1. Run the helix sum for the chain: -39,500 (n - 2.57) per DSSP H stretch of 4+ residues, divided by residue count, reported at 222 nm to the nearest 500 deg cm²/dmol.
2. Residue separation times 0.36 nm, minus the C-alpha to C-alpha distance between residue 3 and residue 78: what's the value?
3. Connecting C-alpha atoms closer than 10 Å in a GNM of the chain, tell me which of 20, 73, 42 has the biggest fluctuation.
4. Once label points are set 7 Å from the Cα along Cα→Cβ at both residue 86 and residue 30, what is their separation, rounded to one decimal in nm?
5. What is the extension gain from residue 71 to residue 114, computed as 0.36 nm multiplied by their sequence separation minus the C-alpha to C-alpha distance, in nm to one decimal?
6. Report the calculated FRET efficiency for residue 37 and residue 63 (r = Cβ-Cβ distance, R0 = 41 Å), to the nearest 0.05.
7. Do you know the relative contact order of segment 2-100, to the nearest whole percent, from alpha carbon pairs under 8 angstrom that are 6+ apart?
């Protein structure tokens, strides 16, 4: 049972790292700094891979334990670790919603700027095309 408790604590440690990574990058995103976006997503995926591995180890350890009963102290530790995990997951989900919102806002601003550039190009292109026709008429 101690193995499971240690694995749960290790999982919570990684979830805390995930939360801290999100928190730091959320500040950057809020300041329209998306330079580390690829590294951010790779780091998140690495942490999630570690958490998946820990989950598999917890599953294997719980199957190996079989019907062994946990002591009251072990039950308290397991419940405490699971409560911490639930709190971290809830906070991470809230962060993810904030991150998605900031990224969506930046994406909308970029699309708006691209449309403005496209409109400006059309206006300049229309202006230039008038000059070209005059030159062609003069040559004829």
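Bear in mind these aren't lab numbers, they're just calculated from the coordinates by the rules spelled out. Keep in mind it's a predicted model, so treat the numbers as computed, not measured. Glycine gets a Cβ as well: all are built from the backbone with ideal geometry, and neighbour counts include every protein chain shown.
1. -33500 deg cm²/dmol
2. Answer, rounded to one decimal: 25.9 nm.
3. Looking only at 20, 73, 42, the largest GNM fluctuation is found for 73.
4. Inter-label distance under the simple model: 2.8 nm.
5. Details: separation 43, 0.36 × 43 = 15.48 nm, distance 6.32 nm.
Roughly 9.2 nm would be gained on extension.
6. In this case the efficiency is close to 0.55.
7. Worked out over segment 2-100, it gives 58 percent.
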